[in-house]
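Here, each number is a calculation from the coordinates, and none is a lab measurement. In this text the structure is predicted, and so the values were computed from the model without any measurement. Cβ atoms come from the backbone with ideal geometry, glycine included; neighbour counts cover every protein chain shown.
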Amino acid sequence: MLPQSYPNYKTDHRRFQQWCENEVIRAALTDLANVLREEGAIDESECYIDATVASAKGGGDEIGPTRRGKGVKIMAIVDRHGLPLAVTTHAANHHEVTLVELTFDFYMIEAKPENLIGDKAYDSDPLDAAMRAQGTEMLLPHRSNKKRKTQDGRRLRRYERFFAWIQWQRRLLVRWEYYPTNFLGFVQLAALCILLKRF
């Protein structure tokens, strides 16, 4: 389904795999995010973290069991406008609390968010302490069984535009790629397209 002006699909696929392995798409994504930040289009003072699960039908590494079969988890940190600042993928059976710091390994701009908003899945005292040590305050509702309350009750705003935008990308609804680096490449490519619309 590629345009006729493109080379043979096997050549395109091979080149795409090379880009994924050499992190070419990630580098382009990082450069564009920093340009947009310098122009004031990205506001990292208040960010949102969340995840979504895509079913994995192509086999391969880094997939995990879910209630609906095997899947992969797409993690993202976005700014207040829903623009991606970090995207990564992991096996679906990992708890989101354990993936927060791994997602920051893919963070694209130098300035870390002052506030990081999440849902109850991220309610963890060790995570709060680790993020606070890095200069980021976690803002999230407590789980119902939380004994020691640490949040101040402020109204939490949610930004889930990013996941709504990528749900339109058919290639991301189901992971058909055998290699996890290829699927991550498609996620990064979708994030790149979102940022290009703001450029």
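3J(HN,Hα) along region 58-64, derived from phi through the Karplus expression 6.51 cos²θ - 1.76 cosθ + 1.60 where θ = phi - 60°, amounts to x, x, x, 8, 6, 10, x Hz, with x in place of Gly and Pro. Neighbour counts of other Cβ atoms within 10 Å put Phe106, Phe183, Phe199 in the fewest-to-most order Phe199, Phe106, Phe183. From least to most packed, judged by other beta carbons within 10 angstrom and beginning with the fewest, Ser45, Ser124 follow the order Ser45, Ser124.
Computed 3J(HN,Hα) for region 2-9, one whole-Hz value per residue from the Karplus formula 6.51 cos²θ - 1.76 cosθ + 1.60 where θ = phi - 60°, is 6, x, 5, 6, 7, x, 3, 4, glycine and proline marked x. Summing charges over neighbours of Leu195, with a neighbour being any other residue whose Cβ is under 11 Å away from its Cβ, gives +1 when K and R count +1 and D and E count -1. Could you let me know the centre-to-centre spacing of region 6-22 and region 23-93, using Cα atoms, in angstrom? Each part reduced to its Cα centre gives a spacing of 22 Å. Counting neighbouring Cβ atoms within 10 Å and putting the fewest first, the residues Trp168, Trp176 line up as Trp168, Trp176. Using the alpha carbons alone, the radius of gyration of region 70-128 stands to its Kirkwood radius in an Rg to Rh ratio of 0.95. Net charge dipole, region 11-99: roughly 680 debye, given to the nearest 20, about the Cα centre with Cβ charges of +1 for Lys and Arg and -1 for Asp and Glu.
Note: region 1-122, Cα convex hull, 145 Å³ per residue. Result for the chain in a Gaussian network model with C-alpha springs under 10 Å: among Asn22, Asn182, Asn93, the largest mean-square fluctuation is at Asn22. What net charge is computed for the residues neighbouring Lys70, neighbours being all others with C-beta under 10 Å from the C-beta of Lys70, Lys and Arg scored +1, Asp and Glu -1? Net charge in that neighbourhood comes out at +3. Comparing His81, His94, His13 in a Gaussian network model of the chain where C-alpha atoms under 10 Å apart are linked, the largest mean-square fluctuation is found at His13.
Build a GNM of the chain with springs between Cα atoms under 10 Å apart, and of Gly185, Gly58, Gly69 the one that fluctuates most is Gly69. For Leu139, the residues whose amide H sits under 5 Å from its own are Leu116, Ile117, Gly118, ignoring neighbours fewer than 5 places away on the same chain, with H placed 1.01 Å from N.
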